[in-house]
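Participant: The structure's right below; bear with me while I get my questions together.
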Amino acid sequence: MQPLQPDMFAPECPSSVTPFRIGDKWGGMVVLCLEGGPRRFSELRVPLRTVSPKVLTETLRSLERDGMITRRAYDEIPPRVEYAITELGRTLLAPIEACREWAARHLPELMAARDAFDRSASAEHAEHDDRDQGDRGREHGDPRALGGVEGGGVVHELSLRSEAGTSAGTAR
């Protein structure tokens, strides 16, 4: 395998300025909400009900800054503001759809990989915690510090959890 080159990414194209905010939690969803036409903030809140007003405002500003959406304030009482997708923003619809299709096809694999990682990480943390506790226990003469089945150590705990059908560190 070839080593990675230090100049593999062109310095004149820094990734920090690319508008890939559609990869954040809310940007792509906002773009999809605006696909059918302009919407008010309160209308966007309906399908995006779990996002805080502050985060939605930040997301809208970021998308506006990048030219993906426009914000239009009407001189009315009460004040009215609408957000609309731009032509540049519409170019994001195809990549968003591709991501949605990918997720629909591969979500079970993705979730299985996450579960496996979490189980492994939980077991690893439990083992390290037990070792750390064992070190402290040995220092103070604690008989459970040996960590075996008799001492109630991590090996015993993990085998009991395995027999019970639960994974270490995860609530079901």
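Participant: Karplus couplings for segment 101-114 from phi (6.51 cos²θ - 1.76 cosθ + 1.60, θ = phi - 60°), rounded to Hz, Gly and Pro as x?
Facilitator: Here the 3J(HN,Hα) series is 5, 4, 4, 4, 6, 10, 4, x, 5, 4, 5, 5, 5, 5 Hz.
Participant: How many angstrom separate the Cα center of segment 22-48 from the Cα center of segment 50-76?
Facilitator: Here the two parts' Cα centres lie 9 Å apart.
Participant: For T57 and R72 in one chain, what is 0.36 nm times their gap in residues minus the Cα-Cα distance, to one decimal in nm? Let's see the in-between values first.
Facilitator: Details: separation 15, 0.36 × 15 = 5.40 nm, distance 1.41 nm.
4.0 nm is the gain from fully extending T57 to R72.
Participant: Which peptide among 73-84, 29-40 comes first, and what is the full order, when sorted by highest mean count of other Cβ atoms within 10 Å? If you can, show how the numbers build up before the last one.
Facilitator: Numbers: 73-84: 10.4, 29-40: 16.9.
So the peptides 73-84, 29-40, ranked by packing, come out 29-40, 73-84.
Participant: Moving to a separate point now. Full-extension gain between A116 and L93, please, as 0.36 nm times their residue separation minus the C-alpha to C-alpha distance.
Facilitator: The A116-L93 span can extend by a further 5.0 nm.
Rule-based calculations on the coordinates, nothing more; no lab input. Note that the structure is predicted; figures quoted are calculated from it, not measured. So basically every Cβ, Gly included, is an ideal-geometry build from the backbone, and we count neighbours across all protein chains shown.
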